[in-house]
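Taking it in order: structure first as structure tokens, then the write-up.
The values are calculated or read from the model by the stated rules, or taken from the named source; none is laboratory data. Small disclaimer: the values here were computed from a predicted structure and weren't measured. Heads up, the Cβs are rebuilt from the backbone with ideal geometry, glycines too, and the neighbour counts pull from every protein chain shown.
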Amino acid sequence: MPAILVTAYEKGAEVDLDYYINVHMPKAFALFQPHCKSWRIVKTAPAPGMDDSYEVMSLAEFDTVEDIWATYAAESFADVAKWIEEDAKRYAKTQPKAWVVVEEGRGA
């Protein structure tokens, strides 16, 4: 089942979506090769009365969770992680939180 690396920016991060979508994510996607299959950026839209703690998330899809760990284990990943952290300062006021989810089912 697919695994998704979620990177979430909390409310108040003031993410510059133009830079994030058009500059940061294409480069990050290239650096996560050959394992990352796709990415998308979503804005949260909570229902009235629901928690609104995140404003923007990236969802990077991999075939398996092992592919995510292989990306992180690559010898060059330390440089990639440093670039990600530094570049985030260009488009957001705060650093994101990140976690991995694994798809267990899907419907039409």
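Okay, here's what the table says:
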{"item": "Qualifying positions in the range 25-55 - at pLDDT below 90, out of contact with any Phe, Trp or Tyr (no Cβ under 7 Å at 6 or more places or on another chain) and not small (Gly, Ala, Ser)", "result": "Pro46, Pro48, Met50, Asp51, Asp52"}
{"item": "Residue list for the range 21-52, filter: loosely packed, with under 14 Cβ neighbours inside 10 Å, more than 17 Å from Val101 (Cβ to Cβ) and either touching a helix residue (DSSP H, G or I) at 6+ places or on another chain (Cβ under 6 Å) or not charged (D, E, K, R) (or both)", "result": "Asn22, Pro26, Ala30, Gln33, Pro34, Ala45, Pro46, Ala47, Pro48, Gly49, Met50"}
{"item": "Condition broken by Asp67, with the remaining ones in (1) more than 19 Å from Ile21 (Cα to Cα); (2) surrounded by fewer than 16 Cβ atoms within 10 Å (Cβ to Cβ); (3) among the acidic types (Asp, Glu) satisfied", "result": "(2)"}
